[in-house]
Amino acid sequence: MAHDDTALGRARVTDTPELEAYYQRLESLEAGALWKVANKIEPWYPQPQSVPVHWRFAELRPLVLEALNLVTGDDAGRRVVALYNPARRDIAATVGLLYSGLQVMGPGEAMTAHRHQAAALRFVIEGTGAWTIVDGQKLTVRPGDFAITPNWTWHEHGNEGVDGPVIWQDGLDIPLVNALDAPFYEVHPELYQKQMGVANSSLQIYGAGALRPFGDTWSKNHSPLLAYPWGPTYDALRAAARATDGSPYDGIIMEYSNPLTGGSVMPTMSAHMQLLRPGEATLAHRQVGSKIYTAAKGSGTSIVAGQRFDWVVGDIFCVPSWAWHEHANASQSEDACLFSFNDFPVMRSLGFFREEAYPDNDGHQPR
Ligand SMILES: [Fe+2]
């Protein structure tokens, strides 16, 4: 279908001196002619201001570690190096209305508790001592583990390791919450939560895959399972790879799901782990929604809107809404895994979600 802004049905007024004078009179009344902006504010298809960006862990890691000596965690609120999309710095977005950053915590460090309207997720990149307390429940997380801090849940973090710092990736929907003028924030009245029950209790209760606690009365709109360890995640991908070819666009891909509903872990963000088998190269596709990827294992190449990103473990890159993307494992012998999170639950619940396969070059972008 041609996208012609001179076609009947699009705004195609030719301005005249008379119209210019009319526009000025409207402007003085805080009004304006819609036809002047109609084609811009109702484009034929998504026109994100965000662009594809590749953040190399090897380049960022020294700067992230440097922050340990520059600011205390509590003075910074959170000691985080934020990842900004060039044209979206004004709203602190990494891509679309999603935010991400690299948080670092030194050995023995612990932060105060707070809560906010934005939902958060964590993906651990480095260090073995990380913990977080979410609404009283202590979670211990290690490299490759995924954890959630659903909106308005109390949370505080720390590193009980003695051997080195923890670096984990934060993912939040802060720009979305702010775009909707819905943010709230509270510091915990006692500064720290009291831990309730045993550590990782949600994993003990809800972590057994298809076995659901019978008669469960959980009614919150987020997953009761708060942490998803790397080991069982990778095992599940490997097991599926023995039985299925998976997706031509994503290889073997699994969604971290709410075990009670099968739906996304939180109402605004979903997360996936995917396995690209040795030598595997996927076809290109695109979706309405923004995505942030983190290389979790191995190495590979992703083509995002025609740009090539060669990634290794810890690297992060983003895919703006409606951007073509395809992935390939660089190795002929080792698995490669990509963690990703997205705002697809928002798109789906509002009826905005669309997906399309790349139509040319046998399904691959030109490169
Ligand atoms: Fe927070």
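The values are calculated or read from the model by the stated rules, or taken from the named source; none is laboratory data. Remember, predicted model here, so these are calculated numbers, not experimental data. Here the Cβ positions follow ideal geometry from the backbone for every residue, glycine too, while neighbour counts run over all protein chains shown. The accessibility values were calculated without ligands, DNA or RNA, using every heavy atom of the protein model including side chains. Shrake-Rupley method; radii C 1.70, N 1.55, O 1.52, S 1.80 Å.
What FRET efficiency do you get for D15 and D90 if R0 is 35 Å and r is their Cβ-Cβ distance, rounded to the nearest 0.05?
Efficiency computed from Cβ-Cβ geometry: 0.70.
If you look at just the Cα atoms of the chain, how large are its Rg and its Dmax in Å?
Using the Cα atoms of the chain, the pair Rg, Dmax is 22.6, 74 Å.
Test of understanding: what is the full-extension gain from A110 to D75, defined as 0.36 nm times their sequence separation minus their Cα-Cα distance?
11.4 nm
Most fluctuating residue of D135, D15, D173 in a GNM of the chain with Cα springs under 10 Å: which is it?
Evaluated over the chain, the most mobile residue of the options is D15.
Report the rotationally averaged projected area of the stretch 128-168 based on its alpha-carbon convex hull, in square nanometres.
Average of the hull's projected areas for the stretch 128-168 equals 2.8 nm².
I'd like the FRET efficiency for L68 and E27, computed as 1/(1 + (r/R0)^6) with the beta carbon distance as r and R0 of 51 Å, rounded to 0.05.
It comes out at approximately 0.50.
Name the residues whose placed amide hydrogens come within less than 5 Å of the amide hydrogen of I252, ignoring near sequence neighbours (fewer than 5 apart) on the same chain.
Under 5 Å from the amide H of I252: S247, L275, R277.
Could you identify which residue out of G161, G289, G251 has the top mean-square fluctuation in a GNM of the chain using Cα springs shorter than 10 Å?
G161
Please list 3J(HN,Hα) in residue order for the stretch 198-210, calculated via the Karplus relation 6.51 cos²θ - 1.76 cosθ + 1.60 where θ = phi - 60°; whole Hz, with x for glycine and proline.
7, 5, 6, 5, 5, 6, 5, 8, 10, x, 9, x, 6
Hey, can you find the accessible area per residue of the stretch 224-367 for me, probe 1.4 Å, expressed in square angstrom?
Averaged over the residues of the stretch 224-367, the accessible area is 39 Å².
Where does each of 219-225, 101-107, 20-26, 254-260 land if you order them by average Cβ count within 10 Å, highest first?
101-107, 254-260, 219-225, 20-26
Over the stretch 71-229, what is the relative contact order in percent, taking alpha-carbon pairs closer than 8 angstrom and at least six residues apart?
27 percent
To make sure I understand the rule: partners must be lysines, Cα under 17 Å from the Cα of K194, and not fewer than 8 residues away in the same chain. Which ones qualify?
Partners found: K138.
With springs only between Cα atoms under 10 Å, which of L121, L350, L63 fluctuates most in a Gaussian network model of the chain?
L350
Whole-Hz Karplus ³J(HN,Hα) for the stretch 2-13, in order, using 6.51 cos²θ - 1.76 cosθ + 1.60 and θ = phi - 60°, x for Gly and Pro?
Calculated HN-Hα couplings, in order: 6, 10, 10, 6, 9, 6, 4, x, 9, 6, 9, 6 Hz.
At 1.4 Å probe size, with the rest of the protein present, what percent of the exposed accessible area of the chain is carbon and sulfur atoms?
Roughly 54 percent of what the probe reaches on the chain is carbon or sulfur.
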